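Comments concern the structure below.
Where a number appears in this text, it was derived from the coordinates with a stated rule and is not lab data. These numbers come from a predicted model, not from an experiment. All Cβ positions, even for glycine, are placed from backbone atoms using ideal geometry, and neighbour counts span all protein chains on display.
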């Protein structure tokens, strides 16, 4: 890498379990708290990708209509593909 050059990593977030609620549109948060839907939108605007586990959405009674546009319903097959394509994987 030459001085002054930059490397951009492709960053993807696959929301599972209760984390799918982070992508619910129109969140109302108390003063001093961040609205996660807006944070995810900013993350995507800067090149990230977000997807939500479809089974996890179903378990919580959520549909794609409840989600922000940048965080679509997805599948375990898609998560597996993202994992295979990744150089590094973080889970938490």
Handout entry: Listed residues 32, 17, 61, most fluctuating in the chain (Gaussian network, C-alpha, under 10 Å)
Key = 32
Practice task
Have a look at 41, 29, 63 and tell me which one the Gaussian network model of the chain (Cα, springs below 10 Å) gives the largest fluctuation.
Solution key: 29
Exercise for the section: Working from the alpha-carbon coordinates of the chain, get Rg over Rh, Rh being the Kirkwood radius. Expected result: 1.03
Exercise for the section: Can you put 6, 74 in order of Cβ neighbours within 10 angstrom, beginning with the fewest? Expected result: 6, 74
Practice task
Pull out the extension gain between residue 45 and residue 9, defined as 0.36 nm times the separation in residues minus the alpha carbon to alpha carbon distance; nm, one decimal.
Solution key: 11.5 nm
Handout entry: Full-extension gain in nm, residue 86 to residue 35, via 0.36 nm per residue minus C-alpha separation
Key = 15.6 nm
Problem - Extended-chain gain in nm, criterion 0.36 nm per residue less alpha-carbon gap, residue 69 and residue 55 - result: 3.2 nm
Handout entry: Rounded tilt (10° steps) of 36-45 against the dominant C-alpha axis of the chain
Key = 30
Fill in the blank from the handout: Using eta = 0.692 mPa s and T = 37 °C, Stokes-Einstein with Kirkwood Rh from Cα pairs puts D for the range 34-75, in µm² s⁻¹, at 307
Practice task
Name the residue, out of 35, 59, 71, whose mean-square fluctuation peaks in a Gaussian network model built on the chain with Cα pairs under 10 Å.
Solution key: 59
Handout entry: Value at 222 nm in deg cm²/dmol, rounded to 500, when DSSP H runs of n ≥ 4 in the chain each add -39,500 (n - 2.57)
Key = -8000 deg cm²/dmol
Practice task
Please work out the FRET efficiency for the pair residue 28 and residue 78, using the Cβ-Cβ distance as r and a Förster radius of 30 Å; give the result to the nearest 0.05.
Solution key: 0.50
Practice task
Please report the relative contact order for the range 1-78, taking Cα pairs under 8 Å with a sequence separation of at least 6, and give it as a percent rounded to a whole number.
Solution key: 35
